[in-house]
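Asker: This structure is in structure tokens; I'll ask about it shortly.
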Amino acid sequence: MTKQGLAVLNVINNSCEHLSADMIYMAAKREMPSISVGTVYRNLAQLSELGLIRRLPMPNGADRYDKSVIPHGHLVCTQCNEVTDVPAYGVLERLSDDFGVEISSLDLTARCICKKCKAMQTGE
């Protein structure tokens, strides 16, 4: 892996958030000032293809990237675009058992209004 690829991977692995490519670029640039936006995007594509990170397509914004490749779902707030991990315990097994198939991956995204946005709407 190149120094740039390692820098991108480190940014993702050291974050507790689901970062966009621009957020990753800004963080990587602090560590490696010569890195370009194109290099970040190329490395994100490669890291996703290698299964080292997970790309999360967002319907109302930039894709996000997840350091966890263990099967799980996400809650995405339709107001603020916050992304929250959701455990998927038993979902793979249930689908495998019910349909007699072998599940290779899981993409589960539920759209919601997060607690913070809901509280702002109701004035709580």
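Table: residues versus (1) among the aliphatic types (A, V, I, L, M); (2) at pLDDT below 95.
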| position | (1), (2) |
| --- | --- |
| S34 | no, no |
| V37 | yes, no |
| S48 | no, no |
| I70 | yes, yes |
| V86 | yes, yes |
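Asker: Specify which of the listed residues (V76, V86, V69, V91) is out of contact with any helix residue (DSSP H, G or I) (no Cβ under 9 Å at 6 or more places or on another chain) and under 26 Å from A7 (Cβ atoms).
Answerer: Answer to the selection: V69.
Asker: Counting only residues that are among the aliphatic types (A, V, I, L, M) and out of contact with any helix residue (DSSP H, G or I) (no Cβ under 8 Å at 6 or more places or on another chain), which one in segment 100-123 is nearest to G51 (Cα to Cα)?
Answerer: The extreme case among them is A110.
Asker: Follow-up. Report every pair of residues separated by at least 6 positions or lying on different chains whose Cβ atoms are under 6 Å apart, first residue within segment 97-124 and farther than 22 Å from V69 by Cα and without any contact (Cβ under 8 Å) to a residue 40 or more places away in the chain, second in a helix (DSSP H, G or I) and of a type in the set (F, W, Y).
Answerer: none
Asker: Just the residues that are within 18 Å of V69 (Cα to Cα), in contact with a strand residue (DSSP E or B) (Cβ under 9 Å, 6 or more places away or on another chain) and in contact (Cβ under 8 Å) with a residue 12 or more places away in the chain, please, taken from segment 16-46.
Answerer: E17, H18, L19, S20, A21, I24, L44
Asker: With a cut-off of at least 2 residues that are open to solvent by less than 40 Å² (accessible area, probe 1.4 Å) and under 26 Å from Q121 (Cβ atoms), name the strands (runs of 3 or more DSSP E) lying wholly within segment 1-86. Working first, answer last.
Answerer: On the way: elements: 54-56, 64-66, 72-77.
So the answer is 72-77.
Asker: Out of all the residues in segment 101-115, is one or more under 19 Å from N60 (Cα atoms), part of a helix (DSSP H, G or I) and open to solvent by less than 60 Å² (accessible area, probe 1.4 Å)?
Answerer: For segment 101-115, residues under 19 Å from N60 (Cα atoms), part of a helix (DSSP H, G or I) and open to solvent by less than 60 Å² (accessible area, probe 1.4 Å): absent.
Asker: Go through the residues of segment 81-90 one by one and say whether even a single one is without any contact (Cβ under 8 Å) to a residue 40 or more places away in the chain, of a type outside the set (F, W, Y) and in contact with a Pro (Cβ under 8 Å, 6 or more places away or on another chain).
Answerer: There is at least one residue in segment 81-90 that is without any contact (Cβ under 8 Å) to a residue 40 or more places away in the chain, of a type outside the set (F, W, Y) and in contact with a Pro (Cβ under 8 Å, 6 or more places away or on another chain).
Asker: Of a type in the set (S, T, N, Q), under 17 Å from the mean Cα position of the chain (by Cα) and at pLDDT 95 or above - does that describe any residue in segment 103-115? Let's see the steps before the verdict.
Answerer: Step one: of segment 103-115, the residues of a type in the set (S, T, N, Q) are 104-105, 109.
Those still in the list that are under 17 Å from the mean Cα position of the chain (by Cα) too: 105, 109.
Add one more test, that the residue is at pLDDT 95 or above, and what stays is none.
No; the residues of segment 103-115 include none that is of a type in the set (S, T, N, Q), under 17 Å from the mean Cα position of the chain (by Cα) and at pLDDT 95 or above.
Asker: Using the structure shown, decide if D66 is under 24 Å from C114 (Cβ atoms) and either in contact with a Lys or Arg (Cβ under 9 Å, 6 or more places away or on another chain) or of a type in the set (A, V, I, L, M) (or both).
Answerer: So D66 fits the description; yes.
The values are calculated or read from the model by the stated rules, or taken from the named source; none is laboratory data. Everything numeric in this text was worked out from a predicted model, so none of it was measured. Quick reminder, even Gly has a Cβ in these numbers, built from the backbone with ideal geometry, and neighbours come from all protein chains shown. Heavy atoms of the whole protein, side chains included, go into the accessibility calculation; ligands, DNA and RNA do not. Shrake-Rupley method; radii C 1.70, N 1.55, O 1.52, S 1.80 Å.
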